[in-house]
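The values are calculated or read from the model by the stated rules, or taken from the named source; none is laboratory data. Only a predicted model underlies this, so the values are computations on that prediction, with no experimental measurement involved. Cβ sites come from the backbone with ideal geometry, for glycine too, and all protein chains shown count toward neighbours. Accessible surface areas use protein heavy atoms only, side chains included; no ligands, DNA or RNA. Shrake-Rupley method; radii C 1.70, N 1.55, O 1.52, S 1.80 Å.
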Amino acid sequence: MAEIGTNSIRVYHVDPYANHDGCMDVFSQNGIYVWLDLDTFNTTIDQNAPTWNTEQFIAFTQVMDVFQQYDNLAGFWIGNEVINTLAGSPSAPYVKAAVADMKAYMAAKKYRQIPIGYSAADIAELRPALQNYLACGDDMNQSIDFYGLNSYEWCGAATYQSSGYVNLQAMSKGYNIPIFFSETGCNVGGERTFDDQAAIFGPDMVETWSGSIIYEWVQESNDYGLVTYGSKGEIYGDNEPVPIQPDYSNLASKWKTITPSGVAESAYKPSFSPPACPSSTAGAWAVNGNPPIPTLGSKIVNQAAANNKQIPTQTPSAGPTPSGYKAATTSFSTLNSLSLSTSGSESQLTPSPAGQTGSQTGTASPSNTSSSKPNGAERLGAFAGAPLAFAALALFFV
């Protein structure tokens, strides 16, 4: 991952009972940040029967308790494509409730302030209502801190105009929190050339978008992988990753040509305000304004904070601890190669010249009226192309 220029990976699910010290340290030594989903396979919010209950909350806290200690843990995802139909939009307040309770838990535990965001399916009918709803309101303790879009609109010999990216830019300009592609890398329409990276990190979009995560690192049946680990696909033990060509080299070459510039933390002076909360519309977005959200309440949150102990870890069941382990030395407060920046009224995450990443999969037409997310529950990704990259590879990892 480091050789290709990855500076971030996205991990979709983890086992909070396993020992992750060696893995997180290897990433740290290579300047790679991790963006991690808090939900598990059976605790994610379901748009068809939405709930936010104590069982889900405790499962989320277990993941947070284990990973908050790592200074190269860059952010948590509260959900991935929870809402992918208009009929599912009434579940959005449950997403905000989860955000609010997890932020309250983080504060009660006196953990460092780790950003919490949401990764959305690219559904035309939900844009931009969903992104605006999750960020709207006067209470930032109930709003997401960053927004990711899983988009596969740029396929084959597309352009900034024909791909639909020009429309994504128009809907996101002036957004008050960082926004980036949490999955991208369409494999339809011929060889994957990753030409969208130049647009994302170029003058058309770099002032608004903070990066892109390429789908995905390990090859699966959907042919979105950048590498393979042998016939069984095992990524542990002595198996070395074998690049899948020409995709691997195409992405590496593309990232080498991208040199976006960030904004120093000392120069970061935000001047933005939350978007207006969208109104409900018959046959469209179903949440009117910013109604009360179904949080669990301070009593349950504080009880969990007082009673929860960091989960004891055990030796990983697959593969030895990487050799050469040592304590992490990176400092999250400075974000190493990543820096938070704004331009005008827009908030942005941009990477520094030291690292780049990205890789992901997807198929979509320029209009992209529905999600075309690749098959598979877990994805390795990366924030790529420019100083900051995220999902399968910026890199995002699963």
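A full extension of the chain between Asp195 and Arg112 corresponds to an added length of 26.2 nm, given 0.36 nm per residue minus the alpha carbon distance.
Lys and Arg at +1, Asp and Glu at -1: add these up for the other residues within a Cβ distance under 9 Å of Val82 and post the number. Can you show the working numbers first?
Details: positive: none; negative: Asp39, Asp46, Glu81.
Surrounding charge for Val82 is -3.
Ranked by the mean number of other Cβ atoms within 10 Å of their residues, highest first, the peptides 156-164, 34-42, 98-106 come out as 98-106, 34-42, 156-164. Overall, the accessible surface of the stretch 10-118 at a probe of 1.4 angstrom is composed of carbon and sulfur to the extent of 52 percent. The peptide list 271-279, 215-223, put in order of mean Cβ contacts within 10 Å with the highest first, becomes 215-223, 271-279. Think of the stretch 163-254 as a dipole: +1 on every Lys or Arg Cβ, -1 on every Asp or Glu Cβ, centred on the Cα centre; then among Tyr175, Pro243, Ile214, Tyr175 lies furthest on the positive end. Give me the net charge for the shell around Lys254: Cβ to Cβ below 14 angstrom, other residues only, Lys and Arg +1, Asp and Glu -1. Here the count lands on -2. Net charge of the neighbourhood of Phe201, taken over other residues with C-beta under 14 Å away and scored Lys/Arg +1, Asp/Glu -1, is -2.
A Förster radius of 45 Å combined with the Cβ-Cβ distance from Glu55 to Thr159 puts the calculated FRET efficiency at roughly 0.45.
Packing, taken as the mean count of other beta carbons within 10 Å per residue, orders the peptides 11-17, 200-206 from highest to lowest as 200-206, 11-17. Note on Ser273 and Val188: the extension gain reaches 26.8 nm, defined as 0.36 nm multiplied by sequence separation minus the Cα-Cα distance.
How much of the accessible area of the stretch 169-273, in percent, comes from carbon and sulfur atoms when a 1.4 Å probe is used? Could the numbers behind the result be given before it?
Details: 2490 of 4900 Å².
Using a 1.4 Å probe with all protein chains present, the stretch 169-273 comes out at 51 percent carbon and sulfur.
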